[in-house]
1. Can you tell me which of A:116-126, B:17-27 comes out highest on packing, and rank the rest after it, using the mean Cβ neighbours within 10 Å?
2. How many Cβ atoms of partner chains, on average, are near each residue of A:78-85 if near means within 10 Å of its Cβ?
3. Kindly provide the helix-only [θ] at 222 nm of chain A, computed as the sum of -39,500 (n - 2.57) over DSSP H runs of four or more divided by all residues, to the nearest 500 deg cm²/dmol?
4. State the Kirkwood hydrodynamic radius of chain B in Å, one decimal place, computed from all pairs of distinct Cα atoms.
5. Calculate the spin-label point distance for residue A:52 paired with residue A:74, positioning each point 7 Å from the Cα along the beta-carbon direction, and give it in nanometres.
6. Taking every pair of distinct Cα atoms and averaging 1/r, then inverting, what Kirkwood hydrodynamic radius in Å comes out for region A:14-100?
7. How shielded is A:86-96 by partner chains, expressed as the average number of their Cβ atoms within 10 Å of its Cβ atoms?
8. Is there a simple number for the mean count of other chain Cβ atoms within 10 Å of the Cβ of residues in A:61-70, and what is it?
């Protein structure tokens, strides 16, 4: 078990709910992932919509903690409004704070993000800011009261994995008391393993599962990868060396004293 | 008997005729929003559930119903 804000969770996998081939596959993928937290969003209803929301009906029975996002917001003001709506709609004070600064790579806007985070913390939210891996921004967010940070691995939906491992390792080293969750850009389970081996507390992803050829199977692969990565971090990897070192002791092996011929 | 005055507001971006001075809670009930799975904005401002019964709608108000959807 580990602690995410005030909740104790068994899984370090946080899963998004968008872009699945069907609601049934979404449900099956969530169950296979064993994720304890799933992300959700909100939309304006069209008059053509029925009052019964099939998505809501499908996920509310799964018993996962909900992490609503502020997707589509480009200013702190819009993000704050969206968070307040989400708090009532989903009955949670958790908010994945997204304030986008650039349309091309969906890079978070650092100034608006910090402004929104400060305001939302004052309003009683548990803010999960989706941020870049910039150390100074992350320190500012922590100084603003964020207990959890969600730096990107690479741009949302790119599947490129950890573009700047040095920056992520630096965050882990410099912010040892902050819950760090890699969010965005994860494409394959090996990327998730890499982040977890660094000591990240969790991984949040969506597209890598939902757009996989077999989403349910991929959800299982990520589940196992995240567990493996965490186990490796806790076990403590061996130090890397620049020269070979025999794993079998050569002393007293039959030919140990023979010279190697040129 | 007085004549009930009517007015036009926007509901989910479409015109909607309602009785003048109708409360937001009355509109929601009339339109069948009886479950808990929605939130409401009026003129792009969030109106908490606790204020639905004290929010009086006026001509040209823009009411939008916000519902859950998939997200990453």
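Just so you know, all these numbers are worked out from the coordinates, no wet-lab data involved. On a predicted model such as this, the values are computed, not experimentally measured, just so you know. Please note: Cβ atoms are built from the backbone with ideal geometry, for glycine as well, and neighbour counts cover all protein chains shown.
1. Working: A:116-126: 18.8, B:17-27: 16.0.
Final packing ranking: A:116-126, B:17-27.
2. Working: counts 1, 0, 1, 4, 2, 1, 5, 9.
Counting other chains' Cβ atoms within 10 Å and averaging over A:78-85 gives 3.
3. On the way: 9 runs with 99 residues, N = 262.
The per-residue figure over chain A is -11500 deg cm²/dmol.
4. On the way: mean 1/r = 0.0779 Å⁻¹.
Value: 12.8 Å, from the Cα pair sum.
5. Taking the simple label geometry, residue A:74 and residue A:52 are separated by 3.8 nm.
6. Values: mean 1/r = 0.0725 Å⁻¹.
About 13.8 Å, per the Kirkwood formula over Cα pairs.
7. Working: counts 5, 3, 10, 10, 3, 1, 0, 0, 0, 0, 2.
What the average comes to for A:86-96 is 3.
8. Working: counts 0, 0, 0, 0, 0, 2, 1, 2, 2, 1.
That works out to 1 on average.
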